[in-house]
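Asker: This is the structure, below, for whatever I ask next.
The values are calculated or read from the model by the stated rules, or taken from the named source; none is laboratory data. Please read all numbers here as calculations on a predicted model, not as lab measurements. For neighbour counting, all protein chains shown are included, and Cβ atoms are generated from backbone atoms with ideal geometry for every residue, glycine included. To get the accessible areas, we keep the full protein, side chains included, count just its heavy atoms, and leave off ligands, DNA and RNA. Shrake-Rupley method; radii C 1.70, N 1.55, O 1.52, S 1.80 Å.
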Amino acid sequence: MGGLEDEQPPSKRMKASSMESRGLSNGKKVLKEPSMALPLNDEIIGSKGVKKAEFVRIIAEALYSLGYNKTGAHLEQESGIQFHSSVVTVFVQQILDGSWDESLDSLHKIGIADETVIKLACFIILQQKFLELLDGKKVMDALKTLRTEIAPLSINEIRVRELSSLVLSPSPKVVNGTSGKEVVKSKARVELLEDLQKVFPPTVMIPERRLLQLVEQAIDLQRDNCLFHNSVNGETSLFADHSCGRDKIPSHTVQILHDHHDEVWYLKFSNNGKYLASASSDHSAIIWKVNLDGRVSMKHRLYGHQKPVSYVSWSPCDDQILTCGVEEVVRRWDVSSGECLQVYEKGLVGSISCSWSPDGKYILSGLTDKSIIMWDLDGKETDCLNGERTLKISDLQITDDGELITSCEENRILILDRESGEERFIKEDQVIVSFTLSGDNNFLLVSLMNEELHLWSIQGDIRLVSKYRGQRRSRFIVRACFGGYQQGFIASGSEDSKVYIWHRGLGELIEALEGHSGAVNCVSWNPANPHMLASASDDRTIRIWGLNHAETKSSSHIHYCNGSS
């Protein structure tokens with residue numbers, strides 16, 4: 001059959017041309033008899049045992065992938081190091097030409113020792129041969145290939161049945177009844193080469209863009225080990241090692257909010273970062289607006305609770321918010337108008353925590369009788385989990401998959417799959433004070449009585465990942481949060497009036513922010529702005545922390561960025 005068709009889009013033709021050039025040295029067909037393998041070159045360069053031949057080959061691959069075909073060919077000629085062995089070069093051309101029988105013969109000459117790899121590569125090639133025969137309306141030849149060449153390989157029987165179904169289907173695609181997936185007919189041959197490349201050992205065919213991949217891995221490693229990396233990818237340069245300064249961490253008070261009349265116990269940014277909600281022992285909650293200039297202003301003060309407000313929870317769409325009074329009721333509010341839409345209560349039993357279902361259609365609340373109740377938005381009880389499912393701490397989390405996370409004993413956290421009934425547990429040696437779920441739902445940050453924070457992975461098998469120390473806690477509930485760029489930091493309140501910040505991956509304490517004059521009960525990092533952090537304190541204020549500026553204002557006074565009034 002012929003080579004690549006001219007009808008392909010320009011991007012496809014360009015990619016095919018690049019692959020051909022990379023496979024054919026300087027882009028011309030090889031006429032000499034192929035050798036079995038690359039010349040042996042064990043010369044080492046650098047101090048890390050890098051083989052010169054491998055280094056030159058990945059540079060050549062990078063040049064070819066960038067379209068610098070003449071330069072790549074010149075590198076091969078000057079260095080005497082071939083990008084591919086000549087047998088691989090011939091094999092690549094045979095694939096591009098659709099010379100299937102010849103390509104199978106060359107495959108066995110490449111020098112791959114693993115027979116499983118050879119059989120899998122044969123399957124990939126013969127599958128393409130089969131599909132192209134079908135495309136050419138050569139049904140009997142395709143059927144012969146399937147029966148006499150593909151089936152005897154005894155590989156991927158499900159896929160063989162899917163290919164068999166294509167013989168009976170006149171359409172270019174067919175939905176297989178076994179897998180429920182669309183089975184697509186033949187692909188461009190350059191894409192076939194990419195599939196083969198993934199199967200072959202990298203010494204035979206270098207993975208595509210390998211040099212770029214190594215550079216990106218080095219960048220990621222440098223970022224992961226940078227204590228202060230808190231910015232977007234676009235700032236990366238290859239001309240120097242990555243390094244960020246402390247000025248990337250929100251460590252300066254840029255605004256102080258005095259509008260609560262008593263201790264501020266809880267606060268939380270909305271999912272989109274446009275609002276902040278706070279709860280206070282003054283029996284009120286406040287919705288704050290984050291303005292385009294980064295300033296925070298009051299949007300609504302929410303009155304209605306008869307007791308201190310201990311908890312708030314944003315709806316998935318950020319258009320509504322829940323507030324929970326201490327052993328009282330849960331109220332649902334409209335963010336736009338500040339109107340109370342519904343009150344949720346159950347007889348004489350008070351609520352101590354609240355949360356939304358992932359779809360925003362149900363409200364969950366932990367009650368003082370240690371049960372968890374679910375209401376629809378209109379206040380109708382739809383479900384109730386009885387028994388010792390929660391203690392008197394205001395933490396109740398729901399993952400995007402609907403798993404319920406709550407404390408079930410003073411040192412155990414329950415992760416309940418409500419559909420299957422499967423229960424998993426996090427068991428600590430110390431009393432649990434509070435916990436919070438990461439944005440990707442894969443980790444749980446647990447605050448303990450012994451002044452430690454533990455980071456647990458809850459995706460799959462539960463395991464302890466890291467520990468953080470430094471904050472002070474002896475009497476009160478103190479809360480922590482994830483935050484910063486890609487949630488790469490951990491922040492926590494503390495009873496010594498400070499806000500503590502750690503590097504999440506390294507576990508190293510990098511900041512202890514001073515400014516509050518009372519215990520810091522809760523912190524929240526803006527999910528849309530890695531340079532904005534908020535803290536709530538017993539000193540009746542909320543502090544907004546940001547990057548260093550000349551001076552900062554509060555709602556009624558002037559303050560300076562060292563945190564003092």
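Asker: Quote to one decimal, in nm, the extra length available between Arg246 and Asp224 on full extension: 0.36 nm per residue of separation minus the C-alpha distance between them.
Answerer: Fully extending the segment from Arg246 to Asp224 adds 6.4 nm.
Asker: May I pose another question? When ligands, DNA and RNA are left out and all protein chains stay put, how many square angstrom of accessible area per residue does region 246-546 have with a 1.4 Å probe?
Answerer: That works out to 40 Å² per residue.
Asker: Lys and Arg at +1, Asp and Glu at -1: add these up for the other residues within a Cβ distance under 11 Å of Leu341 and post the number.
Answerer: -2
Asker: Let me ask you something else. What is the log10 of I(q)/I(0) for region 263-371, computed with the Debye formula using one identical point scatterer on each Cα and no solvent, at q = 0.21 Å⁻¹?
Answerer: Values, matching the q order: -1.09.
Asker: Taking amide H atoms as placed 1.01 Å from N in the peptide plane, list the residues 5 or more away in sequence, or in a different chain, whose amide H sits under 5 Å from that of Ile458.
Answerer: So Ile458 has HN proximity to Phe443, Leu444.
Asker: Hey, another quick one. Using a simple spin-label model with points 7 Å from Cα along the Cα→Cβ vector, what separation in nm is obtained for Asn442 and His108?
Answerer: According to this spin-label approximation, the distance is 4.5 nm.
Asker: How high is the relative contact order of region 246-546, given as a whole-number percent (alpha carbon pairs under 8 Å, six or more residues apart)? Present the calculation step by step, with values, prior to reporting the outcome.
Answerer: Details: 858 pairs, mean separation 46.5, N = 301.
Result for region 246-546 is 15 percent.
Asker: Follow-up question, since we're still on this one. Can you give me the C-alpha center-to-center distance between region 456-472 and region 488-509, rounded to a whole angstrom?
Answerer: 14 Å
Asker: For Leu214 and Asn156 in the same chain, what is the full-extension length gain: residue separation times 0.36 nm, less their Cα-Cα distance, in nm?
Answerer: That works out to 17.6 nm of additional length.
Asker: Per q in 0.12, 0.13, 0.15 1/Å, what log10 I(q)/I(0) does a Debye calculation on the alpha-carbon atoms of region 246-546 return?
Answerer: Taking Cα atoms of region 246-546 as identical point scatterers yields -0.72, -0.86, -1.18.
Asker: Rounded to two decimals, what is Rg over Rh for region 500-549 when you use alpha-carbon atoms and the Kirkwood radius? Walk me through the intermediate numbers first.
Answerer: Details: Rg = 11.6 Å, Rh = 11.9 Å.
Rg/Rh: 0.97.
Asker: So how strong a dipole does region 246-546 carry about its Cα centre when Lys and Arg Cβ are +1 and Asp and Glu Cβ are -1, to the nearest 20 debye?
Answerer: Using Cβ point charges on Lys, Arg, Asp and Glu, region 246-546 gives about 720 debye.
Asker: Starting from the Kirkwood radius over alpha-carbon pairs of region 202-280, derive D by Stokes-Einstein at 37 °C in a medium of 0.692 mPa s and give it in µm² s⁻¹.
Answerer: On the way: Rh = 17.0 Å.
Answer, rounded: 193 µm²/s.
Asker: If you line up the Cα atoms of region 52-167 on their principal axes, what length do they span on each, largest first, in Å?
Answerer: Per principal axis, max minus min of the Cα coordinates gives 50, 30, 22 Å.
Asker: May I pose another question? Would you tally the net charge around Ile458, using a Cβ to Cβ cut-off of less than 12 Å, leaving Ile458 out, and scoring K and R as +1, D and E as -1? Please report the intermediate quantities before stating the final value.
Answerer: Details: positive: Arg424, Arg463; negative: Asp401, Glu403, Asp417, Asp440, Asp461.
Every neighbour counted, the sum reads -3.
Asker: With 21 Å as the cut-off, how large is the P(r) tail for region 421-487, expressed as percent of Cα-Cα pairs? Numbers along the way, then the final one.
Answerer: Working: 526 of 2211 pairs.
Roughly 24 percent, rounded to a whole number.
Asker: How high is the FRET efficiency from Glu78 to Lys51, r the C-beta distance, R0 22 Å, rounded to 0.05?
Answerer: 0.80
Asker: Of Leu404, Ile477, Val431, whose Cα points farthest to the positive end of the dipole of region 246-546 (charges on the beta-carbon: +1 Lys, Arg; -1 Asp, Glu; origin at the Cα centre)?
Answerer: Projecting each Cα onto the dipole axis, the largest value belongs to Ile477.
Asker: Carbon and sulfur atoms: what percent of the 1.4 Å accessible area of region 246-546 do they account for?
Answerer: 43 percent
Asker: Where Lys and Arg each count +1 and Asp and Glu each count -1, what net charge lies around Ser351 among other residues with Cβ under 9 Å from its Cβ?
Answerer: So the surrounding residues net to -2.
Asker: At a Förster radius of 30 Å, what calculated FRET efficiency corresponds to the Cβ-Cβ distance of Glu381 and Ser457, to the nearest 0.05?
Answerer: Efficiency computed from Cβ-Cβ geometry: 0.30.
Asker: While we're looking at this one, here's another question. How large is ³J(HN,Hα) for each residue in region 61-75, as worked out from phi by the Karplus curve 6.51 cos²θ - 1.76 cosθ + 1.60 (θ = phi - 60°), to whole Hz, x for Gly and Pro?
Answerer: Rounded to whole hertz, the list is 4, 5, 5, 5, 5, 8, x, 8, 5, 5, 5, x, 5, 5, 4.
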